[in-house]
1. Pick out, from segment 186-251, the helices (runs of 4 or more DSSP H) lying fully within it that include 2 or more residues that are at pLDDT 90 or above.
2. Return the pairs, sorted by first residue and then second, in which the second residue is in a loop (DSSP other than H, G, I, E, B) and modelled with pLDDT of 95 or more, the first residue lies in segment 243-263 and is closer than 16 Å to Ile120 by Cα, the beta carbons are less than 8 Å apart, and the residues are 6+ apart or on different chains.
3. Output the residues belonging to segment 41-65 that are without any contact (Cβ under 8 Å) to a residue 60 or more places away in the chain, more than 10 Å from the ligand (Cβ to nearest atom) and surrounded by 24 or more Cβ atoms within 10 Å (Cβ to Cβ).
4. Which pairs do you get when a residue that is closer than 13 Å to Asp456 by Cβ, found in segment 467-481, comes within reach of a residue that is modelled with pLDDT of 95 or more, reach meaning Cβ atoms under 6 angstrom, with the pair 6+ apart or on two chains?
5. Of the residues that make up segment 449-466, is at least one surrounded by fewer than 16 Cβ atoms within 10 Å (Cβ to Cβ), in a loop (DSSP other than H, G, I, E, B) and among the aliphatic types (A, V, I, L, M)?
6. Please state which one of Leu301, Leu315 is touching a strand residue (DSSP E or B) at 6+ places or on another chain (Cβ under 6 Å) and of a type outside the set (Gly, Ala, Ser).
7. The conditions are (1) of a type in the set (Ser, Thr, Tyr); (2) more than 16 Å from the ligand (Cβ to nearest atom); (3) in contact with a helix residue (DSSP H, G or I) (Cβ under 8 Å, 6 or more places away or on another chain); (4) part of a helix (DSSP H, G or I), and Tyr136 fails exactly one of them. Which is it?
8. Quickly run through segment 375-412 and pick out the residues that are among the charged types (D, E, K, R) and farther than 23 Å from Thr47 by Cβ.
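The values are calculated or read from the model by the stated rules, or taken from the named source; none is laboratory data. Remember, it's a predicted structure, so these values are computed and weren't measured experimentally. No Cβ is skipped: glycine too gets one built from the backbone with ideal geometry, and neighbour counts run over all protein chains shown.
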Amino acid sequence: MNLPEPPKADGYTTEIAYLPGYYRDLNPLVQTLVLNAMGVDTWRRGTPMTYLELGCGYGLSTLVHAAANPQATFVAIDILPDHIMTARALAEAAGLKNVTFIEGSFAALKDMALPKCDFIVMHGVWSWINDTNREYILRCVDACLKPGGVLSLSYNALPGCATVPPLRELMVTQFSGASGSLPERMTAALTLTDAVKSLGGGFFANNPMASRRFEDLRERPRNYLAHEYFNTDWTAFYHSDVAAAFGALDLTFVSLATVFETIDELHFSPNAFRFLSKINEPTLHETLKDFMVNRQFRVDLFVRGPIPTGNAQALCADTRFAAVAQPNDLDRFKRRTTTGEVNVAHDLSRAIVTVLSQGPTNITALAQHPLLKNWPSQKIAGTVYVLAGLGAIEAALPAECEDASRAAIRRLNGAIRQRNVGGPWTEMNASTITGGGVQTSREDQIFFLAQADGVDPVQFAARVLGESEVTISERYRHFIDVRMPIYIATGVD
Ligand SMILES: C[S@@+](CC[C@H](N)C(=O)[O-])C[C@H]1O[C@@H](n2cnc3c(N)ncnc32)[C@H](O)[C@@H]1O
């Protein structure tokens, strides 16, 4: 096959060619793609629906999704007043009328007038609360999730996290007894753990995963550590425990939410694949897969009641995809799995990304494109899914939503960028193409802000970041020449 010369863009191969999607697993468009690919006939993009987030933090993911789906209704709850105040201020600045932020605890869920929901989502909640709060959530899901509705739930998983409780015990014991500020107490805990490890501790010697985890976590920002490891509650679950808890409410596990993890061919050898195909009991099937990949974290998608089914290929046919990489840049998108390296630097992927670089298109139209018409449509669909799993392409908003949401998404980005002027706040901006979050550095947000306000970006950034105009002007050039085209392709402007 003859492919056209890929666009010339040297920077793509050396710079941030890959802009990680933020909150991809919480995006209803992505959840729908995964469910459709499993043959579940769920929400149709661009139609009304109700989406509830429990434990929404500053509401960033809910805000992006509300801005991107103006025809849908969003409700999000958090216990921290500061989180909810910020989320409301951003919603107001973005002019969002379809989102409500409620300040309240999970204990109070039963007293809130919550709507019947098509989606209920939680991220970073289930493993970090106690049994009583999990019970409140179960009651809320029972009361609010409609038949056919989707639950997305992330949690620390077993067996991959098996060595974390003893590691945490060691750190938390020291942390609880130490005096000083929170960061000082965390430092004391890390120092003690490091000492035990380096003095030849049998636990670390016999559990290399615990050693690796400790090496990884000690490099992480302290605020991440505070939430992830020094929280009062921390529990890892077997999938079977979670499936049983929600099974009692008539929810059935359908799929992991993370596209890459759903493609079994990439994670299991042909022998393992054959072995698994003989296991018909769904929970056991999923549990065996967790053991085979030693999974540490799961994002599960459950559907309530009888599962509305359809033909997977037909359900996926309308999904539009957008390229967020360049055809000459695909060797960056590789990932290692238990079976080896997955990479997409081949002709079919390049042809798909070449076509998608001209604008978002659905799988049916892709298959009819002159560049792709010689490939079997099954093969095209499979490769599209792998590219989406690796983040080289993303599920895109339907054309009509793109038009209806563009202004709100830009206003939301403006408000988020404004908050980053005072200090680093979030690196998430919203995409007018995917309706999801995209990593955008603070400095780039400052440049975008200056451009929108019609002020000199170099002078403005130099003032905000406290650096010389000479240094900033070099980086601004780089932003314009190298990163801007990628942001534009990704729908961030
Ligand atoms: C990991 S954060 C999730 C943030 C958000 N979903 C995101 O992706 O940015 C978990 C949130 O749950 C909230 N939370 C924890 N316990 C809660 C409770 N008992 N009631 C209500 N919210 C709670 C915390 O305040 C926190 O903001």
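1. Counting at least 2 such residues, we get 202-206, 208-217, 239-247.
2. Asp250/Gly305; Thr252/Ile307; Val254/Met38; Val254/Ile307; Ser255/Met38
3. None; the set is empty.
4. Glu469/Val458; Glu469/Ala462; Ile472/Val458; Ile472/Ala461; Ile472/Ala462; Ser473/Val458; Tyr476/Pro457; Tyr476/Val458
5. Looking for residues that are surrounded by fewer than 16 Cβ atoms within 10 Å (Cβ to Cβ), in a loop (DSSP other than H, G, I, E, B) and among the aliphatic types (A, V, I, L, M), one finds at least one in segment 449-466, hence yes.
6. Working: Leu315 fails: touching a strand residue (DSSP E or B) at 6+ places or on another chain (Cβ under 6 Å).
Step by step, each of Leu301, Leu315 is checked, and only Leu301 is touching a strand residue (DSSP E or B) at 6+ places or on another chain (Cβ under 6 Å) and of a type outside the set (Gly, Ala, Ser).
7. (2)
8. Lys379, Arg410, Arg411
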